[in-house]
Amino acid sequence: MISKTDLKNAVATTNRGLSVTKDGQQAIASMIVELEASNPTPDPLSATHLLAGDWRLLYTTSQELLGIDRVPFAQLGEIYQCVRPELMRIYNIAEINSLPYCEGLVSVVASFAPAVNLPADPIAATIVSRRRVDVRFNRGVIGLQRLLGYESPAQYIKALESTRKLSLLKGIDFSINPTRQQGWLEITYLDADLRIGRGNQGSLFVLTK
């Protein structure tokens, strides 16, 4: 029987998936499937006390995220996915390590809602799954951590929510068309400090709180 500790130990040496081998990736995928079968929270969307918080990425197969590490003179630092159920928002925050005083930040804000089946009659819409959410990206911010005043994910999110659009002196704050940038995320395992998710592009995500 695979435990959370087994999975955490397996992904600990992969640098969040950047240095995993093909065999290692397959082994981790098998461990995840086994752990998902023992998910203690079958209805994660109702367990907002568990879902809410600042989650740190331990492992992913998302090339979109891991590709940030290929930026010249930069190295991918910590990645967070911060969930705010009361706002129905998700904040993806990637710290970029670089030269002193040049550390960067890439962040995306998205709204989420339970995934639904939309027939011709909207009134007849039904929830597809109690563990899947539709995600629509609507805002992006890129800049230097020191200019953005970045201290922590929680502090940064409060700053974003208090400012509709940041000054160019702080960073590049741009709108994203939510109808073009959308997807879904399925929460397949959730407890007090571990979350496993699967994205619409087939990516796996393992996060800890």
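The values are calculated or read from the model by the stated rules, or taken from the named source; none is laboratory data. All values derive from a computational prediction rather than experimental measurement. When we count neighbours, we look across all protein chains shown, and the Cβ atoms used for this are built from the backbone with ideal geometry, even at glycine.
Quick notes on this one:
- Any hit, the stretch 165-174, residues being touching a Phe, Trp or Tyr at 6+ places or on another chain (Cβ under 7 Å), surrounded by 15 or more Cβ atoms within 10 Å (Cβ to Cβ) and touching a residue at least 24 places away in the same chain (Cβ under 8 Å): no
- Counting only residues that are polar (S, T, N, Q), outside any helix (DSSP H, G or I) and either touching a Leu at 6+ places or on another chain (Cβ under 9 Å) or in contact (Cβ under 8 Å) with a residue 12 or more places away in the chain (or both), the stretch 10-25 holds 2 of them.
- Here Glu78 fulfils each of the conditions (1) among the acidic types (Asp, Glu); (2) in contact with a helix residue (DSSP H, G or I) (Cβ under 7 Å, 6 or more places away or on another chain); (3) closer than 21 Å to Gly140 by Cβ apart from (2).
- Which numbered condition Glu151 fails, given (1) assigned to a strand (DSSP E or B); (2) exposed (fewer than 11 other Cβ atoms within 10 Å of the Cβ): (1)
- Members of the stretch 165-209 found to be charged (D, E, K, R) and under 26 Å from Val20 (Cβ atoms), listed by number: Glu186, Asp191, Asp193, Arg195, Arg198, Lys209
- Summed over the stretch 171-191, the residues that are in a loop (DSSP other than H, G, I, E, B) and either within 26 Å of Ala47 (Cα to Cα) or not basic (Lys, Arg) (or both) give a count of 7.
- Among the residues of the stretch 166-184, those that are in contact with a Lys or Arg (Cβ under 9 Å, 6 or more places away or on another chain) and at pLDDT 95 or above comprise Asp173, Phe174, Ser175, Ile176.
- Selection of first residues in the stretch 26-53 that are part of a loop (DSSP other than H, G, I, E, B) and of second residues that are acidic (Asp, Glu), restricted to Cβ pairs under 6 Å at least 6 apart or on distinct chains, gives the following pairs, ordered by first then second residue: Pro40/Asp191.
- Every residue from the stretch 29-58 that is in contact with a Pro (Cβ under 6 Å, 6 or more places away or on another chain) and surrounded by fewer than 14 Cβ atoms within 10 Å (Cβ to Cβ): Thr48
- Answer residue from the stretch 92-112, given it is of a type in the set (Ser, Thr, Tyr) and farther than 18 Å from Pro44 by Cα and is modelled with the highest pLDDT among those: Ser107
- Screening Gln75 on (1) under 15 Å from the mean Cα position of the chain (by Cα); (2) over 28 Å from Asp134 (Cβ atoms) shows it passes everything except condition (1).
- For the stretch 62-86, the tally of residues that are within 21 Å of Asp173 (Cα to Cα), among the aliphatic types (A, V, I, L, M) and either at pLDDT below 95 or in contact with a Gly (Cβ under 6 Å, 6 or more places away or on another chain) (or both) stands at 5.
- Of all the criteria given as (1) exposed (fewer than 15 other Cβ atoms within 10 Å of the Cβ); (2) closer than 30 Å to Leu166 by Cβ; (3) over 12 Å from the mean Cα position of the chain (by Cα), the one not satisfied by Thr5 is (2).
- For the stretch 62-73, the criterion of being among the hydroxyl-bearing types (Ser, Thr, Tyr) and over 22 Å from Asn138 (Cα atoms) is met by none of the residues.
- When residues in the stretch 58-86 are screened for being assigned to a loop (DSSP other than H, G, I, E, B) and in contact (Cβ under 8 Å) with a residue 24 or more places away in the chain, 7 of them pass.
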